[in-house]
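The structure under discussion appears below in the form of C-alpha coordinates.
The values are calculated or read from the model by the stated rules, or taken from the named source; none is laboratory data. Since this is a predicted model, take the numbers as computed values, not measurements. Positions of Cβ are generated from backbone atoms using ideal geometry, with glycine treated the same way; all protein chains shown enter the neighbour counts. Note: accessible area is taken over every heavy atom of the protein model, side chains too, but ligands, DNA and RNA are not part of it. Shrake-Rupley method; radii C 1.70, N 1.55, O 1.52, S 1.80 Å.
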Amino acid sequence: MERRRWYKAALAFTTAGLLLTGCSGTADHDNAKTSDSRYDGQPAPDSGQYGGEDSGNSEGAEDTSREVAPEPDHLSTFALDVDTASYGYARRTLAEGRLPDPWSVRPEEFVNSFRQDYERPDGDGFSVTVDGARTDREDWSLLRVGLATREASKEERPPAALTFVIDISGSMSEKGRLDLAQESLGVMTDRLRDNDSVALVTFSDEAETVLPMTEVGGNRDRIHEAIDSMEPTYSTNLGAGVREGYAVAVDGLKKRATNRVVLISDALANTGDTDADSILESIERARKKWGITLFGVGVGSDYGDALMERLADRGDGHTVYVSEKEEAHEVFSEQLPRNIDLTARDAKAQVSFDPENVEEFRLIGYDNRRVDDEDFRDDSVDGGETGPGHTVTALYAVRTAPDARGHLATATVRWLDPHSRTPHEESAGLESGTLADGVWNASPRFQVTAVAAYFADRLRRGADEWESLPGAPGLDELARRADDLAERTGDRQLDELETAIRRADEIM
(Lines give C-alpha, C1' and ligand atoms only; values in the text may rest on other atoms or scores of the structure.)
Protein backbone atom coordinates (compact mmCIF):
# COMPACT_ATOMS: atom_id res chain seq x y z
CA MET A 1 0.00 0.00 0.00
CA GLU A 2 2.98 2.31 0.49
CA ARG A 3 3.54 2.56 -3.27
CA ARG A 4 -0.13 3.35 -3.83
CA ARG A 5 -0.04 6.09 -1.17
CA TRP A 6 3.06 7.56 -2.82
CA TYR A 7 1.36 7.58 -6.21
CA LYS A 8 -1.85 9.14 -4.86
CA ALA A 9 0.14 11.80 -3.04
CA ALA A 10 2.00 12.65 -6.23
CA LEU A 11 -1.35 13.45 -7.85
CA ALA A 12 -2.85 15.31 -4.94
CA PHE A 13 -1.47 18.72 -5.80
CA THR A 14 -3.57 18.90 -8.98
CA THR A 15 -6.93 17.75 -10.21
CA ALA A 16 -6.00 15.63 -13.17
CA GLY A 17 -8.13 15.84 -16.30
CA LEU A 18 -7.96 15.65 -20.06
CA LEU A 19 -7.93 18.17 -22.86
CA LEU A 20 -11.37 18.01 -24.42
CA THR A 21 -9.96 19.71 -27.50
CA GLY A 22 -7.50 16.86 -27.91
CA CYS A 23 -10.16 14.13 -27.85
CA SER A 24 -12.30 14.91 -30.85
CA GLY A 25 -10.75 12.31 -33.14
CA THR A 26 -8.32 14.77 -34.73
CA ALA A 27 -4.69 15.20 -33.90
CA ASP A 28 -3.33 17.80 -31.50
CA HIS A 29 -2.32 20.69 -33.75
CA ASP A 30 0.06 22.10 -31.17
CA ASN A 31 1.92 18.79 -31.21
CA ALA A 32 1.53 17.91 -34.85
CA LYS A 33 2.03 21.31 -36.47
CA THR A 34 5.07 22.93 -34.95
CA SER A 35 7.56 25.40 -36.31
CA ASP A 36 9.95 24.63 -39.14
CA SER A 37 12.58 23.54 -36.61
CA ARG A 38 10.98 20.11 -36.46
CA TYR A 39 12.33 19.44 -39.94
CA ASP A 40 15.97 19.40 -38.78
CA GLY A 41 16.72 22.62 -40.60
CA GLN A 42 14.72 21.61 -43.67
CA PRO A 43 11.87 23.59 -45.23
CA ALA A 44 8.39 23.22 -43.81
CA PRO A 45 5.93 21.04 -45.77
CA ASP A 46 4.11 24.00 -47.29
CA SER A 47 7.28 25.51 -48.79
CA GLY A 48 6.74 23.58 -52.02
CA GLN A 49 10.43 22.74 -52.18
CA TYR A 50 9.87 19.01 -52.60
CA GLY A 51 7.28 19.46 -55.30
CA GLY A 52 9.60 20.65 -58.06
CA GLU A 53 7.69 22.03 -61.01
CA ASP A 54 4.40 20.79 -59.53
CA SER A 55 4.86 22.47 -56.19
CA GLY A 56 1.36 23.82 -55.77
CA ASN A 57 2.47 27.49 -55.85
CA SER A 58 -0.13 29.85 -57.23
CA GLU A 59 0.39 30.74 -60.88
CA GLY A 60 2.90 33.52 -61.41
CA ALA A 61 4.10 33.45 -57.81
CA GLU A 62 7.85 33.61 -57.30
CA ASP A 63 9.19 30.57 -55.44
CA THR A 64 11.85 31.83 -53.04
CA SER A 65 11.76 28.86 -50.66
CA ARG A 66 15.17 27.60 -51.77
CA GLU A 67 16.70 31.04 -51.18
CA VAL A 68 15.38 31.47 -47.62
CA ALA A 69 15.59 27.86 -46.41
CA PRO A 70 18.22 27.44 -43.67
CA GLU A 71 21.24 25.30 -44.37
CA PRO A 72 20.86 21.73 -43.12
CA ASP A 73 23.09 20.65 -40.25
CA HIS A 74 23.49 17.15 -41.74
CA LEU A 75 22.24 15.42 -38.59
CA SER A 76 18.79 13.99 -37.95
CA THR A 77 17.86 12.52 -34.55
CA PHE A 78 14.65 10.90 -33.34
CA ALA A 79 13.31 8.58 -30.65
CA LEU A 80 12.23 5.16 -31.89
CA ASP A 81 8.50 4.60 -32.34
CA VAL A 82 6.64 1.38 -33.15
CA ASP A 83 3.09 2.79 -33.08
CA THR A 84 0.72 1.67 -35.84
CA ALA A 85 -2.60 3.22 -34.71
CA SER A 86 -2.64 5.96 -37.35
CA TYR A 87 -2.71 3.46 -40.23
CA GLY A 88 -5.35 1.28 -38.55
CA TYR A 89 -7.65 4.23 -37.93
CA ALA A 90 -7.16 5.54 -41.48
CA ARG A 91 -8.24 2.17 -42.87
CA ARG A 92 -11.35 2.28 -40.66
CA THR A 93 -12.38 5.78 -41.78
CA LEU A 94 -11.76 5.01 -45.46
CA ALA A 95 -13.87 1.84 -45.18
CA GLU A 96 -16.69 4.05 -43.90
CA GLY A 97 -16.38 6.38 -46.89
CA ARG A 98 -14.50 9.18 -45.12
CA LEU A 99 -11.02 10.60 -45.47
CA PRO A 100 -9.02 10.67 -42.25
CA ASP A 101 -8.17 14.07 -40.86
CA PRO A 102 -4.77 14.95 -42.38
CA TRP A 103 -3.42 15.74 -38.92
CA SER A 104 -4.15 12.19 -37.76
CA VAL A 105 -2.00 10.72 -40.53
CA ARG A 106 1.48 9.90 -39.26
CA PRO A 107 3.60 8.45 -42.10
CA GLU A 108 5.96 6.51 -39.83
CA GLU A 109 2.98 4.55 -38.44
CA PHE A 110 1.88 3.62 -41.97
CA VAL A 111 5.41 2.45 -42.80
CA ASN A 112 5.84 0.54 -39.54
CA SER A 113 2.56 -1.34 -40.03
CA PHE A 114 4.19 -3.70 -42.54
CA ARG A 115 6.61 -6.56 -42.12
CA GLN A 116 10.23 -6.11 -43.09
CA ASP A 117 13.04 -8.53 -43.83
CA TYR A 118 15.89 -6.86 -41.97
CA GLU A 119 18.61 -9.07 -40.55
CA ARG A 120 18.05 -9.55 -36.81
CA PRO A 121 20.64 -9.55 -34.02
CA ASP A 122 21.34 -12.60 -31.89
CA GLY A 123 20.93 -10.84 -28.53
CA ASP A 124 19.26 -7.74 -27.13
CA GLY A 125 19.66 -4.49 -28.98
CA PHE A 126 19.41 -3.82 -32.71
CA SER A 127 20.69 -4.59 -36.15
CA VAL A 128 20.96 -1.61 -38.52
CA THR A 129 20.18 -1.72 -42.24
CA VAL A 130 20.47 1.29 -44.57
CA ASP A 131 19.45 1.22 -48.23
CA GLY A 132 17.99 3.56 -50.81
CA ALA A 133 16.67 4.08 -54.31
CA ARG A 134 16.67 6.91 -56.80
CA THR A 135 13.33 8.50 -57.70
CA ASP A 136 12.31 9.88 -61.08
CA ARG A 137 12.83 13.39 -59.71
CA GLU A 138 16.35 14.50 -60.65
CA ASP A 139 18.90 14.08 -57.82
CA TRP A 140 16.23 12.96 -55.34
CA SER A 141 16.32 9.57 -53.63
CA LEU A 142 14.47 7.76 -50.87
CA LEU A 143 16.74 6.47 -48.10
CA ARG A 144 15.51 3.81 -45.67
CA VAL A 145 16.92 3.19 -42.19
CA GLY A 146 15.80 -0.17 -40.79
CA LEU A 147 16.28 -1.29 -37.19
CA ALA A 148 15.38 -4.75 -35.95
CA THR A 149 15.38 -6.54 -32.59
CA ARG A 150 15.86 -10.25 -32.04
CA GLU A 151 13.09 -12.71 -32.80
CA ALA A 152 10.46 -13.14 -30.11
CA SER A 153 10.59 -16.33 -28.08
CA LYS A 154 7.39 -17.76 -26.62
CA GLU A 155 9.35 -19.81 -24.13
CA GLU A 156 11.63 -17.15 -22.69
CA ARG A 157 10.08 -14.02 -21.23
CA PRO A 158 9.64 -12.58 -17.75
CA PRO A 159 6.28 -12.82 -15.98
CA ALA A 160 3.84 -9.99 -16.64
CA ALA A 161 1.81 -7.79 -14.31
CA LEU A 162 -0.85 -6.24 -16.57
CA THR A 163 -3.33 -3.61 -15.39
CA PHE A 164 -6.15 -3.26 -17.91
CA VAL A 165 -7.88 0.12 -17.85
CA ILE A 166 -11.09 -0.31 -19.81
CA ASP A 167 -13.46 2.37 -21.05
CA ILE A 168 -17.10 1.39 -20.32
CA SER A 169 -18.65 4.75 -21.22
CA GLY A 170 -21.79 4.97 -23.33
CA SER A 171 -19.83 5.39 -26.55
CA MET A 172 -18.26 1.97 -25.97
CA SER A 173 -21.64 0.29 -26.55
CA GLU A 174 -21.13 0.61 -30.32
CA LYS A 175 -20.44 -2.78 -31.89
CA GLY A 176 -16.73 -3.39 -32.20
CA ARG A 177 -15.77 -1.53 -29.04
CA LEU A 178 -16.40 -2.99 -25.57
CA ASP A 179 -17.71 -6.31 -26.94
CA LEU A 180 -14.55 -6.73 -29.00
CA ALA A 181 -12.37 -5.86 -26.02
CA GLN A 182 -14.16 -8.35 -23.76
CA GLU A 183 -13.88 -11.21 -26.23
CA SER A 184 -10.21 -10.51 -26.87
CA LEU A 185 -9.40 -10.20 -23.16
CA GLY A 186 -11.07 -13.56 -22.61
CA VAL A 187 -8.90 -15.22 -25.26
CA MET A 188 -5.80 -13.58 -23.82
CA THR A 189 -6.63 -14.76 -20.29
CA ASP A 190 -6.59 -18.37 -21.49
CA ARG A 191 -3.17 -17.86 -23.09
CA LEU A 192 -1.38 -16.06 -20.27
CA ARG A 193 0.91 -18.10 -18.05
CA ASP A 194 0.11 -19.13 -14.50
CA ASN A 195 2.78 -16.80 -13.10
CA ASP A 196 1.38 -13.76 -14.93
CA SER A 197 -0.91 -11.37 -13.05
CA VAL A 198 -3.89 -9.30 -14.17
CA ALA A 199 -5.82 -6.35 -12.71
CA LEU A 200 -8.96 -4.73 -14.18
CA VAL A 201 -10.01 -1.10 -13.81
CA THR A 202 -13.10 0.31 -15.54
CA PHE A 203 -14.12 3.93 -16.00
CA SER A 204 -17.13 5.89 -17.16
CA ASP A 205 -18.03 9.00 -15.14
CA GLU A 206 -15.91 7.48 -12.34
CA ALA A 207 -13.22 4.81 -12.11
CA GLU A 208 -13.60 1.48 -10.32
CA THR A 209 -11.19 -1.35 -9.56
CA VAL A 210 -13.06 -4.45 -10.69
CA LEU A 211 -10.20 -6.84 -9.99
CA PRO A 212 -7.02 -6.07 -7.97
CA MET A 213 -3.73 -7.52 -9.16
CA THR A 214 -4.42 -11.28 -9.31
CA GLU A 215 -2.15 -14.13 -10.35
CA VAL A 216 -3.58 -15.98 -13.33
CA GLY A 217 -2.81 -19.48 -12.05
CA GLY A 218 -5.88 -20.83 -10.23
CA ASN A 219 -7.90 -17.67 -10.93
CA ARG A 220 -8.79 -17.82 -14.63
CA ASP A 221 -12.51 -18.27 -13.90
CA ARG A 222 -12.46 -15.26 -11.58
CA ILE A 223 -10.76 -13.15 -14.24
CA HIS A 224 -13.27 -14.26 -16.89
CA GLU A 225 -16.16 -13.32 -14.60
CA ALA A 226 -14.71 -9.85 -14.05
CA ILE A 227 -14.29 -9.36 -17.82
CA ASP A 228 -17.82 -10.57 -18.58
CA SER A 229 -19.36 -8.29 -15.92
CA MET A 230 -18.42 -5.07 -17.73
CA GLU A 231 -21.31 -3.12 -19.32
CA PRO A 232 -21.25 0.30 -21.03
CA THR A 233 -22.72 3.23 -19.09
CA TYR A 234 -22.60 7.01 -18.67
CA SER A 235 -19.83 9.38 -19.81
CA THR A 236 -16.06 9.19 -20.30
CA ASN A 237 -13.83 10.36 -17.47
CA LEU A 238 -10.67 9.02 -19.03
CA GLY A 239 -8.53 10.95 -16.58
CA ALA A 240 -10.03 9.15 -13.60
CA GLY A 241 -9.50 5.80 -15.32
CA VAL A 242 -5.84 6.48 -16.06
CA ARG A 243 -5.17 7.74 -12.53
CA GLU A 244 -6.84 4.73 -10.92
CA GLY A 245 -5.17 2.32 -13.33
CA TYR A 246 -1.70 3.57 -12.51
CA ALA A 247 -2.47 3.54 -8.78
CA VAL A 248 -3.54 -0.11 -9.05
CA ALA A 249 -0.43 -0.92 -11.11
CA VAL A 250 1.83 0.72 -8.52
CA ASP A 251 0.05 -1.08 -5.67
CA GLY A 252 0.37 -4.44 -7.46
CA LEU A 253 3.90 -3.91 -8.72
CA LYS A 254 5.78 -7.18 -9.25
CA LYS A 255 9.55 -7.41 -8.94
CA ARG A 256 11.45 -9.07 -11.80
CA ALA A 257 8.31 -8.77 -13.94
CA THR A 258 7.16 -6.52 -16.77
CA ASN A 259 4.67 -4.08 -15.23
CA ARG A 260 2.40 -2.51 -17.79
CA VAL A 261 -0.85 -0.53 -18.00
CA VAL A 262 -3.03 -1.44 -20.99
CA LEU A 263 -5.54 1.30 -21.83
CA ILE A 264 -8.49 0.23 -24.01
CA SER A 265 -10.62 3.19 -25.09
CA ASP A 266 -11.97 5.33 -27.89
CA ALA A 267 -10.28 8.22 -26.01
CA LEU A 268 -13.30 10.49 -26.40
CA ALA A 269 -13.17 12.15 -23.00
CA ASN A 270 -16.19 14.28 -22.11
CA THR A 271 -16.09 14.38 -18.30
CA GLY A 272 -13.45 15.75 -15.96
CA ASP A 273 -11.27 18.81 -15.85
CA THR A 274 -9.56 20.29 -18.90
CA ASP A 275 -5.86 20.08 -17.99
CA ALA A 276 -4.12 17.11 -19.61
CA ASP A 277 -0.64 17.94 -18.42
CA SER A 278 -1.12 16.68 -14.86
CA ILE A 279 -2.11 13.21 -16.10
CA LEU A 280 0.74 13.14 -18.58
CA GLU A 281 3.18 14.13 -15.83
CA SER A 282 1.83 11.49 -13.44
CA ILE A 283 2.27 8.80 -16.10
CA GLU A 284 5.84 9.93 -16.65
CA ARG A 285 6.56 9.83 -12.91
CA ALA A 286 5.22 6.28 -12.62
CA ARG A 287 7.36 5.25 -15.57
CA LYS A 288 10.53 6.77 -14.12
CA LYS A 289 10.03 5.59 -10.53
CA TRP A 290 8.49 2.16 -11.09
CA GLY A 291 9.24 1.31 -14.72
CA ILE A 292 5.54 0.97 -15.60
CA THR A 293 4.96 1.34 -19.34
CA LEU A 294 1.74 1.97 -21.28
CA PHE A 295 0.19 0.02 -24.15
CA GLY A 296 -2.72 1.89 -25.78
CA VAL A 297 -5.43 0.05 -27.73
CA GLY A 298 -7.74 2.34 -29.68
CA VAL A 299 -11.25 1.33 -30.77
CA GLY A 300 -14.30 2.94 -32.35
CA SER A 301 -15.28 4.79 -35.53
CA ASP A 302 -14.78 8.07 -33.65
CA TYR A 303 -11.44 7.94 -31.91
CA GLY A 304 -9.31 10.41 -29.91
CA ASP A 305 -6.14 9.53 -31.74
CA ALA A 306 -4.07 12.54 -30.61
CA LEU A 307 -4.74 11.99 -26.93
CA MET A 308 -3.98 8.26 -27.03
CA GLU A 309 -0.69 8.95 -28.80
CA ARG A 310 0.34 11.56 -26.20
CA LEU A 311 -0.45 9.20 -23.35
CA ALA A 312 1.56 6.38 -24.90
CA ASP A 313 4.51 8.64 -25.65
CA ARG A 314 4.68 9.82 -22.03
CA GLY A 315 4.27 6.25 -20.78
CA ASP A 316 7.15 4.88 -22.89
CA GLY A 317 4.72 2.64 -24.69
CA HIS A 318 2.99 2.47 -28.02
CA THR A 319 -0.46 2.42 -29.56
CA VAL A 320 -2.40 0.18 -31.91
CA TYR A 321 -5.90 0.52 -33.32
CA VAL A 322 -8.31 -2.38 -33.80
CA SER A 323 -11.70 -2.54 -35.50
CA GLU A 324 -12.11 -6.23 -36.33
CA LYS A 325 -12.09 -9.46 -34.35
CA GLU A 326 -9.03 -10.83 -36.14
CA GLU A 327 -7.05 -7.66 -35.42
CA ALA A 328 -8.06 -7.68 -31.77
CA HIS A 329 -7.09 -11.33 -31.31
CA GLU A 330 -3.71 -10.60 -32.91
CA VAL A 331 -3.12 -7.66 -30.55
CA PHE A 332 -4.15 -9.39 -27.31
CA SER A 333 -3.06 -12.94 -28.05
CA GLU A 334 0.13 -12.30 -30.02
CA GLN A 335 1.41 -8.71 -29.85
CA LEU A 336 0.79 -8.01 -26.18
CA PRO A 337 2.38 -11.22 -24.84
CA ARG A 338 5.26 -10.75 -27.27
CA ASN A 339 5.79 -7.17 -26.09
CA ILE A 340 5.91 -8.13 -22.42
CA ASP A 341 9.66 -8.53 -22.71
CA LEU A 342 11.84 -5.47 -23.32
CA THR A 343 15.08 -5.63 -25.30
CA ALA A 344 15.95 -1.90 -25.22
CA ARG A 345 15.06 1.23 -23.28
CA ASP A 346 15.33 4.88 -24.34
CA ALA A 347 16.37 3.97 -27.87
CA LYS A 348 17.25 6.84 -30.20
CA ALA A 349 18.53 6.94 -33.76
CA GLN A 350 20.77 9.51 -35.41
CA VAL A 351 21.55 9.74 -39.12
CA SER A 352 24.61 11.70 -40.23
CA PHE A 353 24.58 12.80 -43.87
CA ASP A 354 27.81 13.50 -45.77
CA PRO A 355 27.76 17.25 -46.56
CA GLU A 356 29.86 16.76 -49.69
CA ASN A 357 27.35 14.40 -51.27
CA VAL A 358 23.99 15.30 -49.70
CA GLU A 359 22.54 18.76 -50.29
CA GLU A 360 19.15 18.33 -48.61
CA PHE A 361 17.31 15.73 -46.56
CA ARG A 362 14.04 15.36 -44.75
CA LEU A 363 12.84 12.73 -42.28
CA ILE A 364 9.34 11.58 -43.27
CA GLY A 365 7.11 11.64 -40.19
CA TYR A 366 8.29 11.22 -36.60
CA ASP A 367 7.11 14.79 -36.05
CA ASN A 368 6.46 14.25 -32.34
CA ARG A 369 9.55 12.08 -31.83
CA ARG A 370 12.28 14.51 -32.88
CA VAL A 371 15.25 14.82 -30.50
CA ASP A 372 17.83 17.60 -30.41
CA ASP A 373 20.99 16.37 -32.10
CA GLU A 374 23.14 17.18 -29.07
CA ASP A 375 20.88 14.99 -26.89
CA PHE A 376 21.54 11.79 -28.83
CA ARG A 377 24.01 10.52 -26.23
CA ASP A 378 22.31 12.16 -23.26
CA ASP A 379 20.71 9.10 -21.69
CA SER A 380 18.53 11.24 -19.43
CA VAL A 381 16.61 12.31 -22.55
CA ASP A 382 13.70 9.96 -23.17
CA GLY A 383 13.79 7.63 -26.15
CA GLY A 384 11.61 4.71 -27.20
CA GLU A 385 11.12 1.23 -25.74
CA THR A 386 11.20 -1.87 -27.92
CA GLY A 387 10.69 -5.57 -27.40
CA PRO A 388 11.62 -8.72 -29.31
CA GLY A 389 10.23 -9.15 -32.80
CA HIS A 390 10.06 -5.41 -33.48
CA THR A 391 11.25 -3.58 -36.57
CA VAL A 392 11.48 0.21 -36.87
CA THR A 393 11.69 1.93 -40.25
CA ALA A 394 12.52 5.56 -40.95
CA LEU A 395 12.35 6.98 -44.47
CA TYR A 396 14.19 10.07 -45.72
CA ALA A 397 13.83 12.15 -48.86
CA VAL A 398 17.40 13.00 -49.88
CA ARG A 399 18.71 15.30 -52.61
CA THR A 400 22.23 14.33 -53.56
CA ALA A 401 24.80 16.57 -55.17
CA PRO A 402 24.86 16.17 -58.98
CA ASP A 403 28.37 14.69 -58.81
CA ALA A 404 27.81 12.68 -55.61
CA ARG A 405 30.28 9.83 -55.23
CA GLY A 406 31.00 7.62 -52.26
CA HIS A 407 29.56 7.92 -48.76
CA LEU A 408 26.03 9.28 -48.30
CA ALA A 409 24.99 8.60 -44.72
CA THR A 410 25.65 6.70 -41.51
CA ALA A 411 22.81 5.62 -39.23
CA THR A 412 23.48 4.92 -35.55
CA VAL A 413 21.07 3.58 -32.96
CA ARG A 414 21.76 4.04 -29.23
CA TRP A 415 19.88 2.24 -26.49
CA LEU A 416 20.09 1.24 -22.83
CA ASP A 417 20.14 -2.34 -21.63
CA PRO A 418 16.65 -2.91 -20.13
CA HIS A 419 18.13 -4.34 -16.92
CA SER A 420 21.54 -2.76 -16.30
CA ARG A 421 20.82 0.48 -18.25
CA THR A 422 24.26 0.18 -19.85
CA PRO A 423 24.37 2.16 -23.12
CA HIS A 424 25.10 0.44 -26.45
CA GLU A 425 25.37 1.61 -30.05
CA GLU A 426 25.25 0.01 -33.48
CA SER A 427 25.85 1.69 -36.88
CA ALA A 428 25.64 1.07 -40.62
CA GLY A 429 26.34 3.25 -43.66
CA LEU A 430 25.21 3.78 -47.24
CA GLU A 431 27.30 4.49 -50.36
CA SER A 432 25.95 6.26 -53.42
CA GLY A 433 26.88 3.35 -55.66
CA THR A 434 24.50 1.02 -53.81
CA LEU A 435 21.36 3.08 -54.51
CA ALA A 436 18.84 1.12 -56.55
CA ASP A 437 18.19 2.60 -59.99
CA GLY A 438 14.58 3.48 -59.32
CA VAL A 439 12.19 2.95 -56.40
CA TRP A 440 10.28 0.25 -58.28
CA ASN A 441 13.52 -1.60 -59.08
CA ALA A 442 14.43 -1.87 -55.40
CA SER A 443 13.76 -4.89 -53.18
CA PRO A 444 10.09 -5.81 -52.66
CA ARG A 445 10.09 -4.72 -49.01
CA PHE A 446 11.66 -1.37 -49.91
CA GLN A 447 8.84 -0.92 -52.40
CA VAL A 448 6.30 -1.73 -49.67
CA THR A 449 7.85 1.01 -47.54
CA ALA A 450 7.62 3.45 -50.44
CA VAL A 451 3.96 2.62 -51.21
CA ALA A 452 2.97 3.07 -47.55
CA ALA A 453 4.87 6.36 -47.28
CA TYR A 454 3.49 7.77 -50.55
CA PHE A 455 -0.04 6.79 -49.48
CA ALA A 456 0.32 8.49 -46.10
CA ASP A 457 1.79 11.55 -47.76
CA ARG A 458 -1.19 11.81 -50.12
CA LEU A 459 -3.69 11.51 -47.28
CA ARG A 460 -1.79 14.06 -45.26
CA ARG A 461 -2.22 16.60 -48.00
CA GLY A 462 -5.96 16.11 -48.20
CA ALA A 463 -7.14 17.69 -51.44
CA ASP A 464 -3.92 19.71 -51.87
CA GLU A 465 -1.96 19.09 -55.06
CA TRP A 466 1.44 19.73 -53.44
CA GLU A 467 3.76 16.71 -53.51
CA SER A 468 5.89 16.48 -50.41
CA LEU A 469 7.70 13.30 -51.42
CA PRO A 470 9.78 13.26 -54.60
CA GLY A 471 8.51 11.07 -57.37
CA ALA A 472 5.08 10.47 -55.82
CA PRO A 473 2.80 8.48 -58.15
CA GLY A 474 -0.97 8.86 -58.27
CA LEU A 475 -3.23 6.76 -56.05
CA ASP A 476 -4.27 4.51 -58.94
CA GLU A 477 -0.64 3.58 -59.60
CA LEU A 478 -0.01 3.11 -55.88
CA ALA A 479 -2.92 0.68 -55.71
CA ARG A 480 -1.52 -1.29 -58.66
CA ARG A 481 1.90 -1.37 -56.99
CA ALA A 482 0.35 -2.70 -53.78
CA ASP A 483 -1.54 -5.37 -55.73
CA ASP A 484 1.62 -6.46 -57.53
CA LEU A 485 3.59 -6.61 -54.27
CA ALA A 486 0.83 -8.66 -52.65
CA GLU A 487 1.12 -11.18 -55.48
CA ARG A 488 4.91 -11.30 -55.24
CA THR A 489 5.19 -11.57 -51.47
CA GLY A 490 1.97 -13.38 -50.53
CA ASP A 491 1.47 -10.74 -47.82
CA ARG A 492 -2.23 -10.37 -47.07
CA GLN A 493 -1.63 -7.00 -45.43
CA LEU A 494 -0.82 -5.60 -48.85
CA ASP A 495 -4.26 -6.64 -50.14
CA GLU A 496 -5.72 -4.53 -47.34
CA LEU A 497 -3.40 -1.67 -48.29
CA GLU A 498 -4.54 -1.85 -51.91
CA THR A 499 -8.18 -1.73 -50.79
CA ALA A 500 -7.53 1.32 -48.61
CA ILE A 501 -5.72 3.15 -51.43
CA ARG A 502 -8.52 2.46 -53.92
CA ARG A 503 -11.13 3.71 -51.46
CA ALA A 504 -9.13 6.88 -50.91
CA ASP A 505 -8.91 7.35 -54.68
CA GLU A 506 -12.70 6.97 -55.03
CA ILE A 507 -13.41 9.46 -52.23
CA MET A 508 -10.94 12.02 -53.54
* Structure fact -> Relative contact order in percent for the stretch 116-231 (Cα pairs under 8 Å, 6+ apart) equals 20
* Structure fact -> Once normalised by the length of the stretch 275-417, the mean sequence separation of its alpha carbon contacts under 8 Å that are 6 or more apart gives a contact order in percent of 28
* Structure fact -> HN-Hα couplings for the stretch 93-110 via Karplus (6.51, -1.76, 1.60; θ = phi - 60°), in whole Hz with x for Gly/Pro, come out as 5, 5, 4, 8, x, 10, 7, x, 4, x, 6, 8, 8, 10, x, 4, 6, 5
* To do: Post the alpha-carbon centroid distance, the stretch 165-188 to the stretch 312-378, in whole angstrom.
  => 27
* Asked: Percent of accessible area on the stretch 353-465 owned by carbon and sulfur, 1.4 Å probe?
  -> 43
* Solvent-accessible heavy-atom area per residue, rounded to whole Å², over the stretch 105-167 at 1.4 Å -> 38
* Percent of beta bridges antiparallel (DSSP, the stretch 127-220, rounded to nearest 5) -> 65
* To do: Sort all Cα-Cα distances of the stretch 407-475 into consecutive 10 angstrom bins from zero, then give the percent of pairs in each bin up to the one containing the longest distance.
  => 16, 29, 29, 21, 6, 0
* Rounded to whole Hz and in sequence order, give me ³J(HN,Hα) for the stretch 409-424 from the Karplus expression 6.51 cos²θ - 1.76 cosθ + 1.60, θ = phi - 60°, writing x for Gly and Pro. => 7, 10, 9, 10, 10, 10, 8, 10, 4, x, 9, 8, 6, 6, x, 9
* What's the long-distance tail for the stretch 366-508, i.e. % of Cα pairs beyond 24 Å? -> 49
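With r defined as the distance between the Cβ atoms of Glu487 and Lys325 and R0 fixed at 22 Å, what FRET efficiency is calculated, to the nearest 0.05? Kindly include the intermediate steps, with their values, before the conclusion.
Working: r = 26 Å, r/R0 = 1.20.
Given R0 = 22 Å and the Cβ-Cβ separation, E is 0.25.
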* Based on the mean of other beta carbon atoms within 10 Å per residue, what is the order of 92-103, 415-426, most packed first? -> 92-103, 415-426
* Of the accessible area of the stretch 216-270, with the probe set at 1.4 angstrom, what percent is carbon plus sulfur? -> 41
* **Spatial extent of the stretch 360-409: Rg and Dmax, with the Cα atoms as the point set, Å** => 14.6, 41
* If you count, for each residue, the other Cβ atoms within 10 Å and average over each peptide, how do 201-209, 219-227 line up from highest to lowest? -> 201-209, 219-227
* Asked: Could you give me the ³J(HN,Hα) list for the stretch 259-268, computed from phi with Karplus coefficients 6.51, -1.76, 1.60 and θ = phi - 60°, whole Hz, x at Gly and Pro?
  -> 9, 9, 9, 10, 9, 10, 6, 8, 6, 9
* Just subtract the alpha-carbon distance of Asp375 and Asp505 from 0.36 nm times their residue separation and send over the number in nm, one decimal. => 42.7 nm
* Could you size up the charge dipole of the stretch 408-479 around its Cα centre, putting +1 on the beta carbon of Lys and Arg and -1 on that of Asp and Glu, and report it in debye to the nearest 20? => 300
* Asked: On full extension of the chain, what length is gained from Arg98 through Glu426, given 0.36 nm per residue of separation minus the C-alpha to C-alpha distance?
  -> 113.8 nm
* Structure fact -> At the level of C-alpha centres, the distance separating the stretch 393-449 and the stretch 215-268, in angstrom, is 40
* Asked: Which value, in Å², gives the accessible area per residue of the stretch 408-466 when a 1.4 Å probe is used on the protein heavy atoms?
  -> 39
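Which order, highest average first, do 288-297, 104-113 follow once you tally other Cβ atoms within 10 Å for each residue and take the mean per peptide? It would help to have the intermediate numbers written out before the result.
Details: 288-297: 20.7, 104-113: 26.7.
Put in order of decreasing packing, that is 104-113, 288-297.
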* Quick one: Debye curve from the C-alpha atoms of the stretch 210-271, no solvent, what's log10 I(q)/I(0) at q = 0.12, 0.28 Å⁻¹? -> -0.38, -1.30
* Pull out the extension gain between Lys289 and Asp117, defined as 0.36 nm times the separation in residues minus the alpha carbon to alpha carbon distance; nm, one decimal. => 58.3 nm
